[in-house]
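Reviewing the structure listed below.
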Amino acid sequence: MAKEAKIGGVPKQRLDALTDGVFAFAMTLLVINLDLPAGAEVAGTDQLLSVLSNLQDNLLVYVISFVVLGARWIRNARGHAVDVWCSYGYAWAVVTHLFFVTLIPFSTKLVGLYGNLWPAVCLYAANTILAALSSRRAADLLAAQEDVPGPRGGKLDLMVLIATALLSCVLAFVAPHLSMYAYLLNAATPLLHRLLSHDDA
């Protein structure tokens, strides 16, 4: 399989460099959404605290997006690296994943500005789900190329992320101010891993 990948394939180190660059740029762009309001006049402590208080929703979305991107990068970085060359299928799966990663700063800004409206919350959820699915597809293709089992624990992580994203969409219709908090449930994923591995023992 490695020889087949090398014939017309792509060097994995080039894909890794592109991935690192895109993730670094996307994660840096997220902070732009924390801009202070244009024309805000701050003459004292109370006014400054009021301006900062108004940023709390944007700050929550920033933290969630940064952590989601960070978790995706860590999972990608832990991928197999046995083969120096990768198939075109894997290369296009990585590029597709990076496409959705580059959209995350936009969907983050959108939900930061209009987080009380369901289209913004659901677009963010769709962006998050598609980025995760495309990442999983790339990992599966790489594992198949190397003829090794797929990434361990990835399916559970993916299911929890999709479930929290869908929950955020539901909350956007009934309690918009709580919709982004659904993503905090992803913090329970390590506990689920431990519980499931304990049950298997």
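Each reported figure results from applying straightforward, stated rules to the coordinates on display, with no laboratory input. A quick note: this is a predicted structure, and the numbers were derived from the prediction, not measured. When we count neighbours, we look across all protein chains shown, and the Cβ atoms used for this are built from the backbone with ideal geometry, even at glycine.
Tabulated data
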| quantity | calculated |
| --- | --- |
| Dipole magnitude (debye, nearest 20) for region 71-143, charges at Cβ of Lys, Arg, Asp, Glu | 140 |
| Local electrostatic count at H97 - Lys and Arg +1, Asp and Glu -1, tallied over other residues with Cβ under 14 Å | +1 |
| Environment charge at N58 (Cβ cut-off 9 Å; Lys +1, Arg +1, Asp -1, Glu -1) | -1 |
| Full-extension gain in nm, L59 to K155, via 0.36 nm per residue minus C-alpha separation | 31.7 nm |
| Gyration tensor (alpha-carbon) shape descriptor, region 83-133, a/c threshold 1.5 | prolate |
| A175-L192 pseudo-label distance in nm [points 7 Å out on the Cα-to-Cβ vector] | 2.0 |
| Gain on full stretching of the segment that runs from L133 to A43 - 0.36 nm per residue minus C-alpha separation | 27.6 nm |
| Ranked list, fewest to most other Cβ atoms within 10 Å of each Cβ, for Y181, Y88 | Y88, Y181 |
| Residues M159, M27, M180 arranged by fewest to most Cβ contacts within 10 Å | M159, M27, M180 |
| Nonlocal amide H pairs with C86, under 5 Å, H built at 1.01 Å | V10, K12 |
